[in-house]
1. Which one of these does B:N174 not meet: (1) touching a residue at least 12 places away in the same chain (Cβ under 8 Å); (2) under 25 Å from A:V187 (Cβ atoms)?
2. Working only within the stretch B:32-56, note down all residues that are away from chain A (no Cβ under 14 Å) and over 27 Å from the mean Cα position of the chain (by Cα).
3. Does A:A150 count as small (G, A, S), closer than 30 Å to B:I196 by Cβ and touching a residue at least 12 places away in the same chain (Cβ under 8 Å)?
4. Select from the stretch B:1-52 the residues that are of a type in the set (D, E, K, R) and at pLDDT 90 or above and write down the one among them that is nearest to A:L109 (Cα to Cα).
5. Given the criteria touching a residue at least 40 places away in the same chain (Cβ under 8 Å) and either of a type in the set (G, A, S) or touching a strand residue (DSSP E or B) at 6+ places or on another chain (Cβ under 8 Å) (or both), does B:A194 qualify?
6. Taking the stated definitions as given, is B:L161 more than 14 Å from chain A (Cβ to nearest Cβ), among the aliphatic types (A, V, I, L, M) and either in contact with a Ser or Thr (Cβ under 8 Å, 6 or more places away or on another chain) or assigned to a helix (DSSP H, G or I) (or both)?
7. Given (1) more than 14 Å from every other protein chain (Cβ to nearest Cβ); (2) closer than 26 Å to B:A219 by Cβ, where does A:E143 come up short, assuming only one miss?
8. Quick check, is A:I38 away from chain B (no Cβ under 14 Å) and in contact (Cβ under 8 Å) with a residue 12 or more places away in the chain?
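The values are calculated or read from the model by the stated rules, or taken from the named source; none is laboratory data. Computed from a prediction, not measured in an experiment: that's the story for all the values here. As a convention, Cβ positions derive from the backbone with ideal geometry for all residues, glycine included, and neighbour counts pool all protein chains shown.
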Amino acid sequence: MRAWRGGIVPVVLLALAEIGFRLRAGPSDSLAPPSRAIAALLSILGDGSLLFGSAQTLGSLLAGLALGSLAGLGAGIVLASSELLRRLSFLSIEMLRPIPSVALLPLSLLIFGFGYGMEIAVIAFATFWPSLILSHSAVGQIEPRLMEVARLLRLSRWQTAAKIILPAAAPRLMTALRLAAGLALVVAVTAEIVSNPQGLGHDLMIAQETLRPERMFAVLFWVGLIGWGKNAALLRLERWLFAHRGDVDTSIAA
Amino acid sequence: MTLHRLPTSVLGVLGLLALVLLWHLVTAAGLVSKAFLPSPAATVDALVWGFRKGDLIGQLAATTLRMLNGWLLASIGAIALGSLIGISPTARVYLRPTLAFARSLPASAVIPIAISLVGLGGSMVLGVIVFGSVWPTLLATVQGFANVEPRLKDVAQVLRLSRLAYVGKIGLPNAVPDILAGMRLSLTIALILAVIGEMLSGQAGLGSAILLAARAFRAPDLYAGLVLLGLVGFLSSYGLVCAERRATRWRQAATR
């Protein structure tokens, strides 16, 4: 597949938007032509405000993702190693998991106040569940003979986890991390749009409230670029790390 | 141990009860401030009181309807558009990168644009739900069409099926499992966006109810809203899983 063909559609759409905007008389408070959005993007890249906002958003994202996915991984391994615990907890998990993480924003604000804490807590909650489910199933799909080896060698639980479970389940765990990272970006930006006054989401909201559509589109494009770039980078890392095993699951290219 | 012999459903209920008991003990011991974590009894009281007054029923219905409306609109649009893109390999090559980019855009990030275009209202929320929940189903439909068994395509050619007949008789049935999986993801997104939209626009619903409860430090009402949202999410995705099983039964039977 030649890559340039994928680029035609967005270029044509942008050109049409530009032409449409030029033909239409008068300024607008809610829309801006692509040319002005590009100029705005360059200007906020130049004065550092975009990078500052990105650092705030990505900082919360990384902290929340680390907390949520590590806790999810731990819980997933525990559940996979104990049938009784799994059966005891499945209903509770199924009841807690569907609570939309954004519904916790008001509560998190109540507990932590404005700042990194509330955002990190909600991101951690949101990424915990997919990490738990996916790492549970990843551990469940480990070749049973490997577990027999662990038993034969009389490895302790810790040793089994470090020497057998984690390496064997690594490719699937990486996929889980990629999905959780996508979710984390959505939750981070949402938290900033809804309540937390920092980061890219807040920049978007301010641009809208101060009637600067060109800046709004510039930040929106930047957010999309971050999401797309992060996903592509993680996918590439996954392929690079596990290509030799030949069992990278790229079907879930979220 | 005899616990092992109990059926899984009983064990699940036991686990849930243990969790509620733990919740009760934590609040009874005063480990966490009541402003952040009300007791289970207070939450149940808030639920009962809310339903008796009638507030919660209305909010529950508003949020659920918003979610379903947006989801249905998005699903219909996604399946139609996905079929159009799906039957043409050329369209797929040209459109895939654009779709992938649009999909990686957090749906909530378009809310500011929707507000400045449409204003703070119910239609803005609906529009954002549709925009956000269209992608999983759309991409799943395209995927389903792309994975049609090549021999089935040959069959269609031999039978000289028209494009429409190909979509109806081969493409869509083949894509059903993909489409349903996409629709399940879309429904989750629709609920999330309904809640966000209500929080930002003040439209009646569980989202704005939770926000108001938090601002007034009425923690039991807040938890009552969370419980209901969890139930809506649980029941809707459970319903779809059942529908998925039913709709793909023929396939399992065929591969057996």
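1. Of everything listed in (1) touching a residue at least 12 places away in the same chain (Cβ under 8 Å); (2) under 25 Å from A:V187 (Cβ atoms), B:N174 misses just condition (2).
2. B:S39, B:A41, B:A42, B:D45, B:W49, B:R52, B:K53 - these are the residues of the stretch B:32-56 that are away from chain A (no Cβ under 14 Å) and over 27 Å from the mean Cα position of the chain (by Cα).
3. Numbers: small (G, A, S): yes; closer than 30 Å to B:I196 by Cβ: no; touching a residue at least 12 places away in the same chain (Cβ under 8 Å): yes.
Against the criterion (small (G, A, S), closer than 30 Å to B:I196 by Cβ and touching a residue at least 12 places away in the same chain (Cβ under 8 Å)), A:A150 does not qualify.
4. Across the stretch B:1-52, the extreme among qualifying residues is B:D45.
5. Yes, satisfied.
6. no
7. It fails just one condition, (2).
8. When the stated conditions are applied, A:I38 passes them.
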